[in-house]
Amino acid sequence: MMEEAKATTGNGVQKDGSEEDNTSAIVANRNRKQQQQPKKIHYVNPFVHKLIWDDPVDKVKTAFLTVFLLPFRVILIFVCLVIAWTLANIGLYGVSREELRTKPLSGWRRRMKWLLSQCAIAMYSFAGLGISTRGRKAHRREAPILVVSPHSSFMDAVIIYLTGLTSPLVRNADANLGKLIDYAQPIYVCREDPNSRQTTIKEIIERANSKENWPQILIFPEGTCTNRTSLIQFKPGAFYPGVPIQPVLVRYPNKVDTVTWTWEGPDALQLLWRTLTQFHTFCEIEFLPVYYPSEEEKRDPKLYAKNVRNLMARELGIPISDYTFDDCKLMTFVKNINMPYAAFTADIDKLRKTLGLNKLNIEEQIVADEAKFTDENSYLTLEEFARRLNVPANEESTEKLFRIFVRPNRMDVIDFREYLLMSLFLVTLYTPKSNFVRVLFQLFGKHGKVTRQSCYDALKYLVKITPAEADSIFMAADSGNLGEISFDQLTKALEKFPAISKKLKRNNDPNNLRLT
């Protein structure tokens, strides 16, 4: 039986008649809670998950269950999926997408939600997911918005059905799920479109404050999946309406973690296979007391989000982190353009900021002053690395930054050129791509002049280009047939290649995600 949850106001103060008037007690309790805030970390990447599989007994069990259990589970899941899809189509027959967005379901269509939810829950049960719940889900009158964290798995979607088809905030890309997702009357958002974000916030505010019988809104405020080692920064969308919210915690207390789906780690198909070949996968869902925002939090959605995150982290017993969804997007961008150290891009960025390097951009000056980088002047010890960057060698952040670039065969030195490549990329982000090409000419060349291969190396991270196309540009620029060209010569030669020139004038922006 689920436990009864008590309402809370700002940072966990219980709300009843006598305590509403006890302002001093509320302030004192808030001050006490603020002193207990989790420590920030940035050295555990929350977007990386390694599924180690070295137990021979587990391998034998997985092979056995793949043959004797997996087929039956797949059949049962498929049957539930077909039934749910059929019910959703019946329930939404004659209802347009515009009506779903502007008017809550009512009558028999709304009552069918229970049947559809039970069918979906059965599907998860047949997949081996054992769900236990604690606390009480608040009514929409108490909390129009449910905030769920940590978000780490495609299995988290079961919460939508456990809560009676609450309306999730989902990506436009998920619209292809069709009627099954439409029945929840979700709020769609396009992450890459700033205008869509404003429209989404407006819709959240309108629904949360509406007098109509809309379902509760369900939001994963982290915006992406993590490995549950910390809570990354919450996006403030759920907190703009300034209404009470109910925090919901998700735990997967399993010996083998086959559900965590992050930026780097096993793909969805492998995780699904490993999960379906476990006897049980345990999931704990805890509904915390309703959180009533203070007047200050109502005015400042970011403060509201920060305080709720602190509360949820304390209840989970994990630290908070200064990672964000944008860090995940940045790492994805770096991986897609085939640059090295993609998984460490966010770490490099944060450590540079901690050391104050982002304010000085000293790396640009270093490559401008160095005639040519060679093996003789590029392999640096920690002390030499710190000296070149003018940062303390005994600083923890300096050592962490250095260790990112250490290779197993040479533990005492790093190739400074690799660090410069990554730092110069970060320095020139959100500026025309040609800026990155310019500094790469300094890094890869001699006195700013590069060879044919180095010219290709300077372009390949910024535009889709083949070695042959880069050769054509190089030959057009090398009018004297000297075997090397400067950035100015490249710029002039690009007048004959308007398509490439146009692309290099665009900003080097992670929001684009892929090369064009």
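The values are calculated or read from the model by the stated rules, or taken from the named source; none is laboratory data. Here the structure is a predicted model, which means the values were calculated and not measured. Cβ sites come from the backbone with ideal geometry, for glycine too, and all protein chains shown count toward neighbours. Protein only, heavy atoms only, side chains kept; ligands, DNA and RNA dropped before computing areas. Shrake-Rupley method; radii C 1.70, N 1.55, O 1.52, S 1.80 Å.
Computing FRET efficiency as 1/(1 + (r/R0)^6) for S106 and F78, where r is the C-beta to C-beta distance and R0 is 30 Å, gives about 0.45. This model, with +1 at the C-beta of Lys and Arg and -1 at the C-beta of Asp and Glu, gives the chain a dipole about its Cα centre of some 1240 debye. For segment 433-516, the Kirkwood radius over C-alpha pairs fed into Stokes-Einstein at 10 °C and 1.306 mPa s yields D = 125 µm² per second.
Ranking L87, V60, V74 by how far each Cα lies toward the positive end of the dipole of segment 50-132 (charges on Cβ) leaves L87 at the top.
Within the shell of other residues whose beta carbon sits under 12 angstrom from the beta carbon of C455, the net charge comes to -2, with Lys and Arg scored +1 and Asp and Glu -1. Look at where the Cα atoms of segment 409-485 and of segment 258-330 average out, and the two centres are 40 Å apart. Annotation: Cα Rg of segment 164-270 relative to the compact-globule expectation 2.2 N^0.38 Å equals 1.18. Note on segment 425-516: dipole from Cβ charges, positive end direction compared against M475, G445, F497; the farthest Cα belongs to F497. Averaging over all projection directions, find the projected area of the Cα convex hull of segment 274-318 and quote it in nm² with one decimal place. Across all orientations, segment 274-318 yields a mean hull projection of 4.8 nm².
Its residues counted as N, the chain yields a C-alpha radius of gyration over 2.2 N^0.38 Å of 1.14.
Using 1/(1 + (r/R0)^6) with R0 = 30 angstrom and r between the beta carbons of V44 and R410, what's the FRET efficiency to the nearest 0.05?
Rounded to the nearest 0.05, the efficiency is 0.75.
Ordering H49, H447, H139 by how much accessible area each has at a 1.4 Å probe, largest first, what is the list? Could the numbers behind the result be given before it?
On the way: H49 25, H447 135, H139 90 Å².
So, going from the largest accessible area down, we get H447, H139, H49.
Helix 433-444 and the longest principal axis of the C-alpha atoms of the chain enclose an angle of approximately 50°.
Of the solvent-accessible surface of the chain, computed with a 1.4 Å probe over protein heavy atoms with every protein chain present, carbon and sulfur atoms account for 54 percent. Angle of helix 107-126 to the longest C-alpha principal axis of the chain, folded into 0 to 90 degrees and rounded to 10: 60°.
Under the classification rounded if a/c is under 1.5, otherwise prolate if a/b is larger than b/c and oblate if not, where does segment 350-404 fall, given a ≥ b ≥ c as square roots of the Cα gyration tensor eigenvalues?
Note, shape of segment 350-404 comes out oblate.
Rounded to the nearest 500, the 222 nm mean residue ellipticity of the chain from helices alone is -14000 deg cm²/dmol, with -39,500 (n - 2.57) taken per DSSP H run of at least 4 residues. Taking label points 7 Å from Cα along the Cα-to-Cβ direction, R506 and K464 give a separation of 1.0 nm.
Would you mind getting the accessible area per residue of the chain, heavy atoms of the protein chains only, 1.4 Å probe, in Å²? Display every interim value, and only then the final one.
Values: 25230 Å² over 516 residues.
Result: 49 Å² of accessible area for each residue.
The magnitude of the dipole of segment 366-472, with charges of +1 and -1 set on the Cβ of Lys/Arg and Asp/Glu and taken from the Cα centre, is near 440 debye.
For the peptides 199-211, 103-115, the ranking by packing is 199-211, 103-115, with the highest mean count of neighbouring Cβ atoms within 10 Å listed first. Between Y461, C190, N390, the Cα set farthest toward the positive side of the dipole of the chain (charges on each charged residue's Cβ, about the Cα centre) is that of C190.
When the convex hull of the Cα atoms of segment 373-463 is projected onto a plane and the area is averaged over all directions, what value comes out in nm²?
On the way: hull surface 27.0 nm².
Result: a mean projected hull area of 6.8 nm².
How much net charge surrounds T277 when only the other residues with a Cβ under 13 Å from the Cβ of T277 are counted, with Lys and Arg +1 and Asp and Glu -1? Within the 13 Å Cβ shell, the charges total +3. Specify the angular offset, from 0 to 90 degrees and rounded to the nearest 10, of the alpha carbon long axis of helix 416-427 from the longest principal axis of the alpha carbons in the chain. The angle comes out near 60 degrees. Normalised radius of gyration (Cα atoms, divided by 2.2 N^0.38 Å) for segment 327-379: 1.36. Over all Cα atoms in segment 279-401, the spread is summed up by Rg and Dmax: 21.1, 63 Å.
Distances between every pair of Cα atoms in segment 93-204, grouped in 5 Å steps from 0 to the bin holding the largest one, split as 2, 9, 19, 23, 23, 14, 8, 2, 0 percent.
Of all trypsin sites (Lys or Arg not before Pro) in segment 226-313, which ones are in loop regions per DSSP and have a Cβ with at most 12 other Cβ atoms within 10 Å? Walk me through the numbers before you get to the answer.
Working: sites: R228, R251, K255, R274, K298, R299, K302, K306, R309; in loops: R228, K255.
Sites meeting the loop and neighbour criteria: K255.
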